[in-house]
Amino acid sequence: MAIKAEHINYVYGKGTAFEQHALKDVNLEIEAGEFVGLIGHTGSGKSTLIQHLNGLLRATDGKLYYNGRNIYEEGYDMRALRSHVGLVFQYPEHQLFEIDVFTDVCFGPKNQGLNKEEAAKRAKEALTMVGLDESYYKRSPFELSGGQKRRVAIAGVLAMNPDVLILDEPTAGLDPKGRDEILDQIKRLHEERNMTIILVSHSMEDVARYVDRILVMNHGEKVFDDTPKEVFQHYKELEAMGLAAPEITYVVQTLKSHGVPIDTSITTIEEARDEIIRLLGK
Amino acid sequence: MLKDITLGQYYPVDSILHKLDPRTKLFGTMVFIISLFIANDIWAYVIATVFLASAIKLSNVPLKFMVRGLKAIVFLLLISVSFNLFLTPGTAVVSLGFLKITKEGMIVAGFMGIRLIYLVVGSSIMTLTTTPNQLTDGLEKSLDFLNRFHVPVHEVSMMMSIALRFIPILVEETDKIMKAQMARGADFETGNLIQKAKNMIPLLVPLFISAFRRATDLAMAMEARCYRGGEGRTKMKPLKYGNQDRVTYLVYVLYLAAIIGLRILRVQIF
């Protein structure tokens, strides 16, 4: 497995008046090549959890393994871990700082110790992956649109060639078109490069459409860990946590309660369409 | 990381001191500081100790938070105590070559040490029990009279509270950008001084940009709500003295009278 967390606990501001138990006994395993969604209400511990996965935060208690090695071991190379586990923060465009797009994307590979040519090659690949062509390379990152800036920032992490890519709400604040483009590109990375992806999101529709497995966090605890179909069956519990299932789940559940023999494990509009056509065709 | 720093020092618990008007606390701190410089007698220090101890007790803030402020002045404390200890002329008690410790020196050094410690602890009680916003509010109201001399008191205090308000936001932002750059392999810890300074660029550029962005947004938001300075502006929560404030002021008067009285009665001890 790629990542394994055992009994992770994390307390913010230990010993002060502001002490906060942000993660409580979290256990999880993520296999290489999985596409996992991480959902939870604001303050549920999602962001805290993902910062553990590349060693930016150190668990107050518990063990974390990457490819079988405990990262809290004496002498473990955290910087090496960070080039294997790429983390794209929320609003990553706020981290851009270089004079042009290309130099900014080169920052990561250069920190990995690559020489100029190799770094340039990686940057080129990464920018192509996020759909930015050469006309952008010499432009200042600050004069781009919000969606373009975000793609530059994502390319900045992709250029490090990580095996695991974690994205914290990569679509927040983007218009529907920008959102679909970014998510489709992530999907392609998963399919073509077999990258392990962890997608933190608020949007149940996005999660239902792209991921193979969902982790649900609530008040610092992992409450569900299953396929989207299974997790969204618990839509009432999700609502109690301030979350919701995709709209289509409500449609099928309502149809079911009116006596239509529909399959309630449907999570996307396309599946619902096919199912309804099948039922009508009978 | 950075989140562990307590800023503005405010310690959020419920206590009598937390509920006092900020002006009362400001004035009380001033009274206490003045009293420390008037006091020149062991009994005056006993009274000051009782005053301070009851304030600590009433504040419901754990003592270790008060003492934390002392760390910053350990060096100053050591220097001033040892200078007084060795350089005060008088009857020698111990002689070490050209250095001699005198009886007078010991007394002066002792009082000096206590004075400094009390100063720090006394003022940290105020900052621990008053939010920065209350504090600037209190200052604004107390310095109201300066308006007559065309000092823009409101504007200055508005700038102060905005600056204070932005400290935690910028700390959080710094923490976030630092982590984001660390995720991209940045290194903020190793290297020589020049290298370290260079490594700060990926942190400082985004931080400045974000500070300017926030400043523009805030200015826009204030203007959208018709902010146009202090003239004719009323407060949602105007500062008002209550009974507990009156009682506190009475305590101040009694306290200061006792300290001054002791000084007049026993003019010289050392």
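The values are calculated or read from the model by the stated rules, or taken from the named source; none is laboratory data. What you see is a predicted model; the values in this text were computed from it and never measured. Cβ: placed from backbone, ideal geometry, glycine included. Neighbour counts: every protein chain shown. Ligands, DNA and RNA are stripped out before the accessible areas are found, and what is left, the full protein with its side chains, is counted by its heavy atoms. Shrake-Rupley method; radii C 1.70, N 1.55, O 1.52, S 1.80 Å.
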Subject >> Which numbered condition A:Thr60 misses (of (1) within 14 Å of another protein chain (Cβ to nearest Cβ); (2) buried (at least 18 other Cβ atoms within 10 Å of the Cβ); (3) within 18 Å of A:His7 (Cβ to Cβ)) >> reply: (2)
**OP:** Answer with yes or no whether A:Asn67 is modelled with pLDDT of 90 or more and under 21 Å from A:Met195 (Cβ atoms).
**Re:** yes
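Determine, yes or no, whether A:Ile3 is in contact (Cβ under 8 Å) with a residue 60 or more places away in the chain, open to solvent by less than 10 Å² (accessible area, probe 1.4 Å) and either away from chain B (no Cβ under 14 Å) or not basic (Lys, Arg) (or both).
Criteria met by A:Ile3.
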Original post:
Can you name the residue in the stretch A:13-24 that is open to solvent by less than 80 Å² (accessible area, probe 1.4 Å) and either over 11 Å from A:Gly45 (Cα atoms) or basic (Lys, Arg) (or both) and is also modelled with the highest pLDDT among such residues?
Top reply: A:Lys24
Subject >> Qualifying positions in the stretch B:197-216 - over 15 Å from B:Leu170 (Cβ atoms), facing chain A (nearest Cβ under 9 Å) and open to solvent by 70 Å² or more (accessible area, probe 1.4 Å) >> reply: B:Ile201
Original post:
From the set of residues in the stretch B:153-196 that are open to solvent by 60 Å² or more (accessible area, probe 1.4 Å) and of a type in the set (Val, Ile, Thr), which is nearest to A:Pro162 (Cα to Cα)?
Top reply: B:Thr190
**OP:** May I ask you to list the residues in the stretch A:79-89 that are open to solvent by less than 60 Å² (accessible area, probe 1.4 Å) and either in contact with a strand residue (DSSP E or B) (Cβ under 7 Å, 6 or more places away or on another chain) or in contact (Cβ under 8 Å) with a residue 24 or more places away in the chain (or both)?
**Re:** A:Leu81, A:Arg82, A:Ser83, A:Val85, A:Gly86, A:Leu87, A:Val88, A:Phe89
**OP:** Could you tell me which of the residues B:Ala72, B:Ala109, B:Ala92 is hydrophobic (A, V, I, L, M, F, W, C), closer than 30 Å to B:Ser54 by Cα, modelled with pLDDT under 85 and in contact with a helix residue (DSSP H, G or I) (Cβ under 9 Å, 6 or more places away or on another chain)?
**Re:** B:Ala72
Original post:
Here is a list of conditions, (1) out of contact with any strand residue (DSSP E or B) (no Cβ under 6 Å at 6 or more places or on another chain); (2) crowded, with 23+ Cβ neighbours inside 10 Å, and A:Ala172 meets all of them except one; can you say which number that is?
Top reply: (2)
Original post:
If you scan the stretch B:172-197, which residues turn out to be part of a helix (DSSP H, G or I) and under 22 Å from A:Asn54 (Cβ atoms)?
Top reply: B:Glu172, B:Glu173, B:Thr174, B:Asp175, B:Lys176, B:Ile177, B:Met178, B:Lys179, B:Ala180, B:Gln181, B:Met182, B:Ala183
